Amino acid sequence: MNAGTSSGQDWAFKAQPHAGRVAVVTGAARGIGLEIALRLARDGARLALADADAAGLEASAAKVRATGAEVITAAGDLSLEATAEALMQATRDAFGRIDILVNNAGGGVILPFLEHTPQTLKQTIDRNLWTVLWCCRAALPTMQKQRYGRVIIIGADSVMSGLWAHAAYNAAKGGAHGLTTGLAREFARDGITVNTVAPCAVRTPQLEEIAAKDPALVERFVSIIPMGRAAEMAEVASMVSYVASPEAAFVTGQVISVNGGSTMRG
Ligand SMILES: NC(=O)c1ccc[n+]([C@@H]2O[C@H](COP(=O)([O-])OP(=O)(O)OC[C@H]3O[C@@H](n4cnc5c(N)ncnc54)[C@H](O)[C@@H]3O)[C@@H](O)[C@H]2O)c1
C-alpha cells in the first residue's frame with residue numbers, strides 16, 4: 001500500500017506522470033533541451049529527440065537512455081518543413097503516437113539591433129520561430145486524431161522585460177508566444193493544450209561561458225531578476241513536465257514565466 005492514497009495505481013500515476021506517453025523534444029543536444037528530455041524520461045515518457053547537431057544529439061540520447069527510457073533520434077535543421085515532417089513520421093513509426101511536443105530548439109543571436117546582419121536576423125527567426133511553426137504543423141494532426149496532446153513552446157521572458165540586446169530574438173520569441181493563444185483556441189476541443197514556458201536567463205553551460213568572458217553582461221541580465229540569480233535548467237524542466245502532464249488538462253493558451261519574479265503585475 002502506498003502512503004496517502006487508497007490505490008497503488010494512483011500513486012504510480014503521480015510518480016511517473018508521463019508513463020506510456022510519447023514526447024518529442026527539439027533542441028535536445030544540449031542545455032535546457034537535454035534537461036527537459038532527462039526530466040520527461042524520469043517521469044516515464046518515451047522520447048524522440050531532435051537537433052541540428054547530430055553528434056551532440058547522440059551524446060544526449062545516451063544520457064537519456066541511461067535512465068531506462070526508450071529513445072529515438074532525428075538529426076536535421078528543423079527550420080525546414082521536411083525535417084519537421086520527417087521527425088514526426090519517425091516518432092509515429094517508432095512509437096505509434098505523439099502525446100507531447102516540446103518546442104525547445106532555438107537560442108539567441110543576442111546583439112544590439114543595429115549590429116545584426118541580414119544573416120543573423122534570419123538565423124534568429126529561423127531558429128526560434130520557423131522551428132516551432134513547422135513542428136506544430138507536423139505534430140498537431142496526429143494529436144487531433146488521438147484527441148490528446150500537449151504542445152509546449154520554450155519562449156522567453158525577455159519578450160516582456162525588453163532585455164538589452166534581445167530585440168530581434170524577442171521578435172521571434174514573441175511570434176511563438178502569439179502562436180500559443182491562437183493554437184490553444186483552435187485545438188481547445190480536441191483534448192490538446194498549448195502553452196509557452198518563458199524563462200528569464202537560465203544557468204546553462206553557455207551562460208556560464210559568457211559569464212566567464214563578460215561577467216558584467218550576465219550581471220546586467222540577472223540584475224532585473226528579483227531573486228538575484230538565473231533560473232536553474234531543472235526549474236524550467238519542472239514547469240515543462242507539469243504542463244505536459246495529463247493533470248494540466250485545464251491549463252491552455254498560457255505564457256507561463258519561470259523568472260524569479262521578474263515580471264509582476266498588480
Ligand atoms: N539559456 C537561456 O538563458 C534562455 C532564456 C530564455 C529562453 N531560452 C530558450 O530556451 C531554449 C533552450 O535554450 P538553451 O540555452 O539550452 O539553448 P542552446 O543554444 O544551448 O541549445 C539550443 C539547441 O537547439 C538546437 N537548434 C537551434 N536551431 C535549430 C534548428 N533550426 N534545427 C534543429 N535544432 C536547432 C541547437 O543545435 C542547440 O542544440 C531556446 O529556445 C532558448 O531560446 C533560453
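For a quick check of your reading of the model, give me the residue pairs whose first member lies in segment 53-82 and is away from the ligand (no atom under 11 Å from the Cβ), whose second is outside any helix (DSSP H, G or I) and open to solvent by 50 Å² or more (accessible area, probe 1.4 Å), with beta-carbon atoms closer than 7 Å and at least 6 apart or on different chains.
Between residues of segment 53-82 that are away from the ligand (no atom under 11 Å from the Cβ) and residues that are outside any helix (DSSP H, G or I) and open to solvent by 50 Å² or more (accessible area, probe 1.4 Å), the close pairs are Ala69/Arg46; Glu70/Arg46.
For Ala212, which of the numbered conditions (1) farther than 23 Å from His18 by Cβ; (2) touching a residue at least 12 places away in the same chain (Cβ under 8 Å) fails to hold?
(2)
Name the residues in segment 94-144 that are of a type in the set (Ser, Thr, Tyr), under 21 Å from Gly155 (Cα atoms) and buried (at least 17 other Cβ atoms within 10 Å of the Cβ), would you?
Result: Thr124, Thr131.
Suppose we filter segment 231-249 for residues that are in a loop (DSSP other than H, G, I, E, B) and touching a residue at least 40 places away in the same chain (Cβ under 8 Å); how many remain?
Looking only at that region, the number is 3.
Identify, by number, the condition in (1) in contact (Cβ under 8 Å) with a residue 60 or more places away in the chain; (2) part of a helix (DSSP H, G or I) that Asp93 doesn't meet.
Failed condition: (1).
For segment 5-88, give me every one of the helices (runs of 4 or more DSSP H) that falls completely inside it and has 2 or more residues that are farther than 19 Å from Met233 by Cβ, modelled with pLDDT of 95 or more and of a type outside the set (Lys, Arg).
Helices (runs of 4 or more DSSP H) meeting the threshold: 54-65.
Could we say that Ala249 is within 21 Å of Asp126 (Cα to Cα), away from the ligand (no atom under 14 Å from the Cβ) and open to solvent by 50 Å² or more (accessible area, probe 1.4 Å) here?
Taking the combined requirement at face value, the residue does not satisfy it.
If Ile36 satisfies every condition in (1) within 16 Å of the ligand (Cβ to nearest atom); (2) free of Cβ contacts under 8 Å to residues at least 60 places away in the same chain but one, which is the exception?
(2)
The values are calculated or read from the model by the stated rules, or taken from the named source; none is laboratory data. The model shown is predicted, which means the values in this text are computed figures rather than measured ones. With ideal geometry, Cβ positions are generated from the backbone for all residues, glycine too; neighbour counts draw on all protein chains shown. Protein only, heavy atoms only, side chains kept; ligands, DNA and RNA dropped before computing areas. Shrake-Rupley method; radii C 1.70, N 1.55, O 1.52, S 1.80 Å.
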